[in-house]
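Scroll down for the structure; my scribbles are underneath it.
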Amino acid sequence: MPKPKKVQAVQEIAADLRATDIYYFVDYRGLTFAEASELRARLRAVDASFKVVKNTLAKIAAREAGVDGLDSLLEGPTAIVYCHGDPVRAAKVVQDFIREKKKAVIRGGKLQRSLLKTSDVEALATMPSREQLIAQLVGTIAAPLTGLVRVLSGPIRGLVVVLGQVEEKKASAA
């Protein structure tokens, strides 16, 4: 019979896996407690969390949560980064942290129903954030409207210039 502590751990991991569709697996080998705490704090700032898991318990939790294909990602020291907000920002935080500390390795991840390789997560980290993509979209939509406003205001602007010149001529003639 499993120990109550392990049953609770499996339930927590399964609940976390069900709560989000996007998570990354990190081999945290070489990280000190202080560095892991720093990474947790950085991830918390982008609405993500970092939890160290036991592989056996995580595999059981994945089965309970109905998540398939994680066995290859659950080998060696494993931590799971759960993304509750923008997955790009979380991937950037992890990638920047790894680049800065030269410790830990991204093993892969899961995005909805798709398994992600390490290169996929790294590609996500190089994408613009959701806010930047929205700003680019708004700019793209607004550009033709701005051009239309300029075209429509051109004749009116020309009329104002001509009237101003006529006024100057009459003022200088008088």
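The values are calculated or read from the model by the stated rules, or taken from the named source; none is laboratory data. Values in this document were obtained by computation on a predicted structure and should not be read as measured data. With ideal geometry, Cβ positions are generated from the backbone for all residues, glycine too; neighbour counts draw on all protein chains shown.
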Sort through 29, 40, 18, 44 and tell me the only one that's in the same structural domain as residue 114 (by TED's automatic domain parsing), without any contact (Cβ under 8 Å) to a residue 12 or more places away in the chain and exposed (fewer than 14 other Cβ atoms within 10 Å of the Cβ). 44
Report the residue count in region 1-37 for those that are part of a loop (DSSP other than H, G, I, E, B) and small (Gly, Ala, Ser). 1
Any idea which of (1) under 27 Å from residue 20 (Cβ atoms); (2) surrounded by 10 or more Cβ atoms within 10 Å (Cβ to Cβ) is the one residue 113 doesn't satisfy? (2)
Are there any pairs with C-beta distances below 7 angstrom linking a residue in region 124-151 that is within 12 Å of residue 89 (Cβ to Cβ) to a residue that is in a loop (DSSP other than H, G, I, E, B), with the two at least 6 apart or on different chains, and if so which? 129/86; 130/86
So which residues in region 106-133 are out of contact with any strand residue (DSSP E or B) (no Cβ under 9 Å at 6 or more places or on another chain) and basic (Lys, Arg), if there are any at all? 113, 130
Answer with yes or no whether residue 70 is crowded, with 21+ Cβ neighbours inside 10 Å and among the aliphatic types (A, V, I, L, M). yes
